[in-house]
Amino acid sequence: MPSPGGASALPQALPLLPQRASVLLPHGIMRLKVANARDVALLEAVAGNNAAPNAFGLVPVLAPGGDKDKAGDAGESEGADADTPDVTAGDLRGRAGCAARVVRLYRSGSGGLTVLVEGLPYGRFRVSGDVERRGGGGEG
């Protein structure tokens with residue numbers, strides 16, 4: 001069984017996908033619906049990277065307005081929407097997340113994606129250091 005410091009260790013930097021629907025745990029499976037252009041580009045790039053593991057980080061954030069109760073309620077609906085265009089890089093710093101891989105990616109006619117993701121073993125992490133949001137439609 002691989003150890004946290006072994007070959008399965010996480011890279012120092014992962015692309016991050018903020019998500020307000022629910023929490024992904026290691027070995028867990030989750031379906032995400034994504035329509036935001038920046039998040040679609042991130043997932044397409046990760047899924048198309050055959051040279052390295054298609055890993056990225058899912059970071060749960062509070063519902064708009066910062067209401068913790070709303071964040072918990074949002075996770076109860078199946079196929080929750082992962083788009084969080086109102087999240088800034090500073091909102092992610094210090095938050096815990098889980099590294100994930102794309103299992104299956106489905107394109108919708110509207111340009112969005114439905115993605116099946118799996119939490120990686122030893123995938124838990126805490127966002128630290130500089131956080132940079134990239135891609136189209138991002139913040140300034």
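Here, each number is a calculation from the coordinates, and none is a lab measurement. These numbers were taken from a predicted model, which means no experiment stands behind them. A quick note on method: Cβ atoms are made from the backbone with ideal geometry, for glycine too, and the neighbour counts reach across all protein chains shown.
Structure summary
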item	result
A45 versus S128: modelled label distance in nm, points set 7 Å from Cα along the beta carbon direction	2.4
In order through the range 26-38: 3J(HN,Hα) via Karplus (6.51 cos²θ - 1.76 cosθ + 1.60), integer Hz, x for Gly, Pro	x, 6, x, 10, 9, 9, 10, 10, 10, 10, 5, 4, 5
